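Below is one structure, written out as structure tokens; the observations come after it.
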Amino acid sequence: MENNKSRKDFLKTISLGAAGAVVASPSANVSPIAQPQKKILMKCGCQTGGTSKENLEFKARHGVFNIDGGSPKYIPNVGWDLEDSMAKKEACEKYGISLDAYHFPLTSEGIDKVAFPNIMLGKSPERDREIELLQQMISVAGKTGVHCLNYNTIILPILRTGTTLDPKRGNAQYSTWNYEEAVKRNEPLTVAGVVTIDQIYERITYLLDRLLPVAEEYKVRLANHIADPPTHVGYRGITRWNSPDVFAGIKRFANLYKSPSHGFNLCLGSVAEGLKDPATEILPIIKWVGERKQIFNVHLRNIKGGWDNFMEVYPDNGDMNFVDVMKALRDVDYPYMVMPDHVPHHADPASSNQAFAFAYGYIKALIQSMS
């Protein structure tokens, strides 16, 4: 009997919290005042696996009906294959999946591996040809109804120093960054040499001055991913565009242009990596960027730790409260995908799909709890 009462009390609390629609009455004689329910516009999405039959069936089985499909076939010296892009969209539609985004060939792998290196190396005329190809890719995306392109403007790759084992979560392995450990390794400069923050921004604006007019023409949003992680000035010769103050970097990048095509792939994990108290500091950042309508995609990744020392964990066991985060996204009327990007690893060969399936369910439950 006591268990039934506890269960009823719990369900009542959840119901009231999710709805957020009733203000407590000051007396028994006054009726509660109904508040208008905020419409939930965001959707659970994902950027892994492409548009193969196997992956689309995996996504549909787990309730993911909006995706970043990777990228269409690349034709050397031409750009993306329009027919392949159409085929990808049609493949998605067979499963009721919306192909909402692609990835530009400006990735998080770093200057030594990225397909188009000369843009962030600042080399002309080589970068001009690369930008022409990116302009063609924007047109292909727009012509096939893919209205978001995720990209990176980095020289250093994603920075990590190792993994941390969590026996309390079945020996899951968490990707880890420790700045002091990284400095001890005394890694060399990249091929870019020493690059200042002003040089980084010159190269970013050189790129976007030429891409944004095309993106606006084709109604495509260019979503820049937060450099992962924000770190110290001059680390390995590079000052990242969002370092050392990640919020200041976000503001500087946001204010470069007033364009409906200029914004962020707002990776909350990467932003949190530059904060000392992610749980509280992340919320005003979401509010600031969201009110400007510059959030074009969200990576819902949680961490333990913050500036200089963190590990990537499951969405439910990090320092950020994702209930608060999702409410912040709801309050700025964020309408696009919320997706996992990095997930913990394990020796089990199926661990990646297992972790993503867990993340999808978690995101969908958060969205439904506010609906």
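Listed values, structure above:
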{"quantity": "Of the criteria (1) of a type outside the set (Ser, Thr, Tyr); (2) crowded, with 17+ Cβ neighbours inside 10 Å; (3) under 30 Å from Ile138 (Cα atoms), which one Lys293 fails", "calculated": "(2)"}
{"quantity": "Residue in the range 167-191 that is surrounded by the fewest Cβ atoms within 10 Å (Cβ to Cβ), counting only those that are farther than 30 Å from Pro349 by Cβ and of a type in the set (Val, Ile, Thr)", "calculated": "Val191"}
{"quantity": "Some residue of the range 243-253 being surrounded by 24 or more Cβ atoms within 10 Å (Cβ to Cβ) and among the small types (Gly, Ala, Ser)", "calculated": "no"}
{"quantity": "Failed item in (1) part of a loop (DSSP other than H, G, I, E, B); (2) touching a Pro at 6+ places or on another chain (Cβ under 7 Å); (3) of a type in the set (A, V, I, L, M, F, W, C); (4) within 15 Å of Tyr74 (Cβ to Cβ), with Val140 passing the rest", "calculated": "(1)"}
{"quantity": "Residue that is surrounded by fewer than 23 Cβ atoms within 10 Å (Cβ to Cβ), of a type in the set (Asp, Glu) and touching a residue at least 60 places away in the same chain (Cβ under 8 Å), where the choices are Asp324, Asp308, Asp319", "calculated": "Asp308"}
{"quantity": "Count of residues meeting criterion [in contact with a strand residue (DSSP E or B) (Cβ under 7 Å, 6 or more places away or on another chain) and either among the β-branched types (Val, Ile, Thr) or within 18 Å of Val343 (Cβ to Cβ) (or both)] in the range 160-189", "calculated": "14"}
{"quantity": "Total residues in the range 70-125, condition part of a strand (DSSP E or B) and not hydroxyl-bearing (Ser, Thr, Tyr)", "calculated": "7"}
{"quantity": "Flag if Gly170 is on the phi > 0 side of the Ramachandran plot and not aliphatic (A, V, I, L, M)", "calculated": "yes"}
{"quantity": "Residues that are under 30 Å from Ala192 (Cα atoms) and touching an Asp or Glu at 6+ places or on another chain (Cβ under 9 Å), drawn from the range 84-105", "calculated": "Ala101, Tyr102, His103, Pro105"}
{"quantity": "Scope the range 143-174; condition part of a helix (DSSP H, G or I), out of contact with any helix residue (DSSP H, G or I) (no Cβ under 8 Å at 6 or more places or on another chain) and charged (D, E, K, R); matching residues", "calculated": "Lys168, Arg169"}
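Read-outs throughout are calculated quantities, based only on the coordinates presented, and are distinct from any laboratory measurement. Here the structure is a predicted model, which means the values were calculated and not measured. When we count neighbours, we look across all protein chains shown, and the Cβ atoms used for this are built from the backbone with ideal geometry, even at glycine.
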